[in-house]
Amino acid sequence: MHRFYVETPVDSDKAYLAGSEAHHLIHVLRASVGMEVVLIDGSGNEFDARVLHIERRSVELEVITRHAIDRELSFPFTLGVTLPKGDRQRWLVEKAVELGVHTLVPLQTEHSVLAPTPTSLARLRKVVIESSKQCGRNQFMHIDTPQSLETFQQRPTQESLQIVAHPTSGIPVSSIGDLRSSTLVDGLPVFAAVGPEGGFSDQEFEDFQRASWQAVSMGRRILRIETAAISLVAALTLR
């Protein structure tokens, strides 16, 4: 069934769609009374619902059943990444959601070419919702406010796996899943950092090493930001 996002938490036997969600249901899917859909509100639950009443710009639904369905990773995953330009941002966020990243932190680095604005971050948070509807996640990936590398490096506060991508130095990315399995039990956090094309500056990389982050080599070719980030995330999560 089609999945729709409800802005107000579903806590009764009625729910309401408005804005773009209502528009899609009314004008694209040509909804009629009695049509059944799935609702999500970001709480971790999904709800079977039936259309009760259709207005020009809103839809009233009856909530039939609540399902607590967990499609999250068994460990919290935080990805710090220098955001690329244009549509590549959207692609990166979509794939991070699909692969189960819990928190995405835009990084401000020496070689950053883009400073995220409140408007661009709000747009990316909408992408999170759309991607969650598509891939079946019932909890939304959190996009944090931009952080300096110093702040992000100090973010881990307990036993965790901390990984920094490097164009050439470190263990091969192909073996990173084995590293996670051998060093952590399920439930402990994973932090990964990906810089701009060409990697972090020498000084930034030295700072990561002093903070005990494990370097991971992304291979002999220079990867775009989103390629490196998703390759690293996939190596850690698709096991």
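No lab work stands behind these numbers, since they all come straight from the coordinates. In this text, all values refer to a predicted model and were calculated from it rather than measured experimentally. Using ideal geometry, Cβ is built from the backbone for each residue, glycine included, and neighbour counts are taken over all protein chains shown.
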How are the Cα pair distances of the range 34-91 distributed, in percent, across 10 Å bins from 0?
18, 28, 25, 24, 6
Give, in nm to one decimal, the length gained when the segment between ARG224 and SER148 is fully stretched (0.36 nm per residue of separation minus the Cα-Cα distance).
25.3 nm
For the range 128-140, in order, what is each residue's ³J(HN,Hα) by Karplus, 6.51 cos²θ - 1.76 cosθ + 1.60 with θ = phi - 60°, in whole Hz (x at glycine and Pro)?
4, 5, 4, 5, 5, 4, 6, 8, x, 6, 10, 10, 8
Can you tell me which of 223-234, 158-169 comes out highest on packing, and rank the rest after it, using the mean Cβ neighbours within 10 Å?
223-234, 158-169
Over the chain, what lengths in whole Å, largest first, do the semi-axes of the equivalent ellipsoid take, defined as the square roots of 5 times the eigenvalues of the alpha-carbon gyration tensor?
38, 19, 14
Label 7 Å along Cα→Cβ of GLN214; the range 103-138 residues with amide nitrogen under 20 Å?
103
Largest first, please: the extent of the C-alpha atoms of the range 1-125 along each principal axis, to the nearest Å.
55, 34, 21
Test of understanding: extend the Cα→C-beta vector of ALA234 to 7 Å, then name every residue of the range 91-117 with backbone N under 20 Å from that spot.
91-104
Going residue by residue through the range 141-153, the Karplus relation 6.51 cos²θ - 1.76 cosθ + 1.60 with θ = phi - 60° gives ³J(HN,Hα) values, rounded to whole Hz and with x marking Gly or Pro, of 4, 8, 9, 7, 6, x, 10, 6, 4, 4, 5, 5, 4
Table column - 3J(HN,Hα) (Hz), the range 70-75, Karplus curve with 6.51, -1.76, 1.60, x for Gly and Pro:
9, 10, 8, 5, 7, 9
For an R0 of 41 angstrom, estimate the FRET efficiency from the Cβ-Cβ distance between ALA68 and GLN203 and round to the nearest 0.05.
0.30
Of the peptides 79-89, 58-68, how do they stack up when ordered by the mean number of other Cβ atoms within 10 Å, highest first?
79-89, 58-68
Equivalent ellipsoid dimensions for the range 117-235 as semi-axes, Å, which come from the Cα gyration tensor, largest first
24, 18, 16
Excluding residues fewer than 8 positions from LYS85 in its own chain, the lysines with Cα under 20 Å of it are LYS95, LYS126
Before anything else, pin down the relative contact order of the chain: Cα pairs under 8 Å, at least 6 apart, normalised by residue count, whole percent.
20
Subtracting the Cα-Cα distance of GLN139 and HIS53 from 0.36 nm times their residue separation yields 28.2 nm
Debye log10 I(q)/I(0) for the range 3-68, one point scatterer per Cα, at q = 0.12, 0.16, 0.30 Å⁻¹
-0.24, -0.43, -1.49
